[in-house]
1. Between Arg100, Arg106, Arg96, which is open to solvent by 70 Å² or more (accessible area, probe 1.4 Å), at pLDDT 60 or above and farther than 25 Å from Thr277 by Cα?
2. I'd like the full set of residues that are touching a Ser or Thr at 6+ places or on another chain (Cβ under 7 Å), part of a loop (DSSP other than H, G, I, E, B) and more than 30 Å from Ser429 (Cα to Cα), limited to the range 194-231.
3. Working carefully through the options Gln437, Gln480, find the one that is at pLDDT 85 or above, outside any helix (DSSP H, G or I) and not small (Gly, Ala, Ser).
4. What tally of residues in the range 141-189 results from selecting those that are part of a loop (DSSP other than H, G, I, E, B) and under 12 Å from Ile116 (Cα atoms)?
5. Collect the residues in the range 150-192 that are open to solvent by 70 Å² or more (accessible area, probe 1.4 Å) and hydrophobic (A, V, I, L, M, F, W, C), keeping them in residue-number order.
6. Could you list all residues from the range 338-370 that are under 11 Å from Leu286 (Cβ atoms) and either open to solvent by less than 30 Å² (accessible area, probe 1.4 Å) or part of a strand (DSSP E or B) (or both)?
7. For Val181, all conditions in the list (1) free of Cβ contacts under 8 Å to residues at least 24 places away in the same chain; (2) within 26 Å of the chain's Cα centre (by Cα) hold save one; what is the number of the exception?
Amino acid sequence: MHTARQHPLAPVFGLVLLCLTLVAAPLRPALAQSEEDLALLDRSAKAFSSVVKKAGPAVVHVAVEKTAKSMEQFPSELFADPFFERFFGPQFRHPRLPDRDKRNFRQQAAGSGFIIASDGYILTNNHVVEGAEKITVRLADKREFTAKVVGADPQSDVAIVKIDGRDLPVLPLGDSDALEVGEWVIAIGSPFELNQTVTVGVVSAKGRNRMGINDYENFIQTDAAINPGNSGGPLLNIRGEAVGMNTAIFSRSGGYMGIGFAIPINMAKSIEQQLRTSGKVTRGWLGIVIQDVDENLAKSFGGKANGGALVSEVTDDSPAKKSGLLQGDIIIAIDNAPVTDVADLRNRIAMTPPNTALTLRVLRDGQERDLAVTVGEQPADMASIAKKMNSTTLGEMGLTLQDLTDEIAGQFGYRKDQGVLIADVEADSPAAQVGLQAGQLIEEVNRVRVRSLKELQQALKQAGQTRQVLLRVRAGEHSQYVVLRGE
């Protein structure tokens with residue numbers, strides 16, 4: 001009788017089989033979980049795709065032609081170099097100029113936009129259409145229309161153009177105030193004339209200002225790729241609503257570096273409505289010069305450095321003057337909503353319709369008080385008024401100055417007639433570059449002693465039109481001479 005013999009490795013095989021059985025049991029739910037994760041990713045991808053399919057038809061390509069002047073100092077051979085087209089994109093072309101026309105040339109540029117009304121109103125950037133002699137709008141379905149500018153606001157970089165059309169696809173507008181940092185967003189536009197380009201990212205930050213891009217800034221920052229040609233296109237939330245208008249990028253190379261900026265749609269909507277109804281934007285105005293409050297300033301004025309805007313000057317016969325607002329007041333809230341800084345206050349007042357009644361909460365002598373103010377209309381010659389409020393041509397070099405009152409002089413440790421106070425220094429200005437700071441005191445201008453703005457203006461007038469000024473500036477117990485040169 002044949003007796004079965006056990007293989008010498010049988011115990012080992014048995015142990016391996018047992019281990020595989022034990023391992024396989026927990027793997028089954030793990031594999032199922034993996035399939036669920038993949039399904040979730042697939043649904044997410046299709047969700048993005050669905051948003052793009054719905055929004056895409058309302059996103060347009062905006063081609064612009066204009067005449068540029070005074071380019072004869074740049075030889076056309078320079079612009080014919082392929083480098084310029086690679087760097088600036090195919091929308092930048094500088095044709096060789098005929099000998100008979102060395103001053104003017106036709107320039108072509110391109111951007112994006114999106115339809116906000118079925119009868120052809122399109123939202124885009126002012127810088128896309130500014131100076132345009134011909135605007136051509138191309139839809140996603142390849143139809144082309146000639147457009148005209150309905151209204152534009154250079155201060156916010158918002159413009160409305162109109163094409164003759166009916167039953168056009170419309171992009172719904174969302175609520176940018178409800179947008180939160182970290183949310184998914186989608187950008188659609190025509191970077192480098194590549195129509196209907198889609199990029200995805202998140203909201204990196206909100207309320208970005210002082211970028212030096214527009215006069216009124218409250219940007220949404222995103223890492224969704226934005227490049228030249230995206231300007232004017234929409235920034236969408238995951239519901240397919242426009243929550244911003246792509247406007248600018250931060251770049252050291254001219255291309256995408258992970259930081260893009262979009263105008264909040266709530267700001268754009270407010271401006272768009274005024275442009276469509278009246279062709280212009282009317283802004284609110286208080287009539288004050290304001291500056292940010294740092295810890296030292298806050299302590300000097302009896303408060304804490306937790307936001308707000310310090311009033312450094314009040315214009316005569318202005319809404320602020322009529323309300324009782326004083327130099328040295330710190331505005332900390334508007335209608336119980338806290339004021340974070342100068343840009344916040346400036347934007348909110350500008351977006352408030354004239355004749356609106358507001359309550360300003362101010363900090364004065366360490367005590368809070370409420371002031372009722374009726375917002376005025378921002379004057380058309382705001383630039384000249386601002387210059388007058390600065391009361392000096394040094395304003396062009398980045399300085400905001402004011403006379404010393406007894407109260408302000410005491411807070412900074414000066415005497416009332418000791419000099420002229422530097423109330424604010426514009427970032428990246430000539431004044432900032434030589435190290436001038438708010439709170440310092442100008443005691444001499446071109447070796448002439450000055451004790452007030454009037455004396456300072458006289459000293460500048462005596463100096464003529466020179467772009468260089470010698471200042472003696474005091475900070476505390478020490479003074480130094482500074483040469484300030486205009487740009």
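1. Arg106
2. Ala224, Ala225
3. Gln437
4. 8
5. Within the range 150-192, Val181, Trp184 qualify.
6. Across the range 338-370, the qualifying residues are Leu345, Ile349, Ala350, Thr352, Leu358, Leu360.
7. Condition (1) is where Val181 drops out.
One line per residue, one yes/no per condition, for (1) closer than 23 Å to Lys269 by Cα; (2) hydrophobic (A, V, I, L, M, F, W, C); (3) open to solvent by 60 Å² or more (accessible area, probe 1.4 Å):
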{"residue": "Leu194", "(1), (2), (3)": "no, yes, yes"}
{"residue": "Val200", "(1), (2), (3)": "no, yes, yes"}
{"residue": "Ser204", "(1), (2), (3)": "yes, no, no"}
{"residue": "Asn209", "(1), (2), (3)": "yes, no, no"}
{"residue": "Glu217", "(1), (2), (3)": "yes, no, no"}
{"residue": "Ile226", "(1), (2), (3)": "yes, yes, no"}
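The values are calculated or read from the model by the stated rules, or taken from the named source; none is laboratory data. This structure is a prediction, so every number in the text was calculated from the model and none was measured. Cβ coordinates were reconstructed from backbone atoms using ideal geometry, including for glycine residues, and neighbour counts include every protein chain displayed. Areas reflect the complete protein model, heavy atoms only, side chains present, ligands, DNA and RNA absent. Shrake-Rupley method; radii C 1.70, N 1.55, O 1.52, S 1.80 Å.
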